[in-house]
Amino acid sequence: MAILLKSGRVITADSDSICDILVQDEAIAAIGRNLPMPENVQVIDCAGKLIVPGGIDPHVHLSMPFMGTFSSDTYETGTRAALHGGTTTVIDFILQKQGNSLRAAFEEWSGRASGTAVGDYSFHMAVTDFNPNTQLEIEDMVNEGITSFKTFMAYKGALMIDDAQMVGLMQEVKKHGGLVTAHATNGDMIDTLIAQHRAQGKLSPLYHYLSQPEVTEAEASGRFADIANYTGVNAYIVHLTCQGALNQVRRATERNQRVLVETCIQYLVLDASLYENEAEGAKWVMSPPLREKKDQATLWAGINQGLVNVVGTDHCPFMWEQKLLGKDDFSKIPNGHPAVEHRMELLFSEGVSKGRITPQKFVEVTSTNAGKIFGLFPRKGTISIGADADLVVIDPEKQHTISAATHHMNVDYSGYEGWELTGKIETVLLRGQVAIEAGEARVGPGYGQFIKRGKTAF
Ligand code: URP
Ligand code: ZN
Ligand code: ZN
Ligand code: ZN
């Protein structure tokens, strides 16, 4: 059956007008004022509402093996929660096991996602062991639609690669037109600070924060940008949090290099004072850690300056019981934060409703830029004829409150408990199907598809 979204304020990255959208099968068939109504059409009245493209969160970790445990959202629960929050596509990270092939990791991750995802998904490949065999697999992965390659400059012994591997990987990815992304923090320096704090008996969550000072991120961001500039590869820094790191990106622009930047919603709205809460600080133990108010101000400005291109989540939830693995030692707290469900509503409320960003900027950083950077556009990331009908209807005035009691993520606490937001996601379409309506999911496990990606077009 066709669906007509009637009289909404339709926002894209470059337009803002009141019109109708006709959806047929999986795609957008027509956009215009007073569209003729076909027979057998379901009408959704969008008067007074905003319609934006389905969100793309390019940074999630579902069922990820990490720090001796697994992140607690599966593809089913994680993509369903994402849909509740208007995110119709997520890009998850496959982790190569050191000593094993990229292909083996791809098969393992596909096995977990296929037939279980509710929303659409794609993969980045985290290269944790770049060697001559891995080098030969880069082209294969690009042909599978995995065009972005993630590096960790921290987590030594598990995920980190050194600069020699970084150069080699960048040269190979450049040959095949892909993108290299980085968790850009100085792993050796962080490990030293962690060891010093532990030796001094400083074991509370505050010392997680104090073991990753701003310089550890600024240094690695600058180094990553420099190596990328030398190799000429397209470069993207994930979860950038602070002034020092963004200044390195700004410096790169002076030599006409563009380094793409993602921040995450938590770095815009939460700050490091939360670590002073010794009993609950583990809720916000993530890497990099939350920063200061001055860094939040830099990130909001960076969005409007066009230096921060994407707002993701780094969604990596752990149950409270899992967080308690580190109750006596901050270095054993599984790192990560649940946010995939609230990224868009938090950014709408704190950004658009409070006048920090325009509705069009909101669309850019929640959907369009990620679509272009990660090779999903124009199928995803915008509202245009022929695009996937991934559409989100927002009531811009509606107030609501975040709580673990009502969220859909598989995690038993919220980092935003009791937060009151203005602007609520009411209806979500994914490839032409009503996926969320009246707070209920209308599609189930297996509806979500693996989306092959093309090359960066940003
Ligand atoms: O704390 C975090 N960010 N956990 C997930 C892994 C990563 O570094 O992105
Ligand atoms: Zn090659
Ligand atoms: Zn990371
Ligand atoms: Zn991450």
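Going by the conditions given, is Ala218 touching a Gly at 6+ places or on another chain (Cβ under 9 Å), away from ligand 1 (no atom under 16 Å from the Cβ) and under 19 Å from Leu290 (Cβ atoms)? In short, yes.
Scanning segment 176-212 for residues that are buried (at least 19 other Cβ atoms within 10 Å of the Cβ), more than 22 Å from the chain's Cα centre (by Cα) and assigned to a loop (DSSP other than H, G, I, E, B) turns up Ser204, Pro205, Ser211. The criterion of at least 2 residues that are under 17 Å from the mean Cα position of the chain (by Cα) and modelled with pLDDT of 95 or more is met by the following helices (runs of 4 or more DSSP H) wholly inside segment 251-323: 265-269, 293-305. Only one of the listed residues (Ile357, Ile383) is touching a residue at least 12 places away in the same chain (Cβ under 8 Å), crowded, with 23+ Cβ neighbours inside 10 Å, more than 22 Å from Leu210 (Cα to Cα) and more than 16 Å from ligand 1 (Cβ to nearest atom). That residue is Ile383.
Which count do you get for residues in segment 388-428 that are hydrophobic (A, V, I, L, M, F, W, C), surrounded by fewer than 21 Cβ atoms within 10 Å (Cβ to Cβ) and part of a loop (DSSP other than H, G, I, E, B)? Residues meeting the conditions: 4.
Could you tell me whether any residue of segment 119-130 is away from ligand 4 (no atom under 16 Å from the Cβ) and over 19 Å from the mean Cα position of the chain (by Cα)? For segment 119-130, residues away from ligand 4 (no atom under 16 Å from the Cβ) and over 19 Å from the mean Cα position of the chain (by Cα): present. Just one of the listed residues (Asp328, Asp314, Asp295) is surrounded by fewer than 21 Cβ atoms within 10 Å (Cβ to Cβ) and acidic (Asp, Glu), and it is Asp328. Residues in segment 145-175 that are within 16 Å of ligand 2 (Cβ to nearest atom) and among the aromatic types (Phe, Trp, Tyr): Phe149 alone. Of all residues in segment 141-175, those satisfying the criterion of being of a type outside the set (S, T, N, Q), part of a loop (DSSP other than H, G, I, E, B) and in contact with a Leu (Cβ under 8 Å, 6 or more places away or on another chain) are Leu159, Ile161.
The values are calculated or read from the model by the stated rules, or taken from the named source; none is laboratory data. Keep in mind the model is a prediction, meaning the values are calculated, not measured. In this analysis, Cβ positions are derived from the backbone assuming ideal geometry, glycine residues included, and neighbour counts consider all displayed protein chains.
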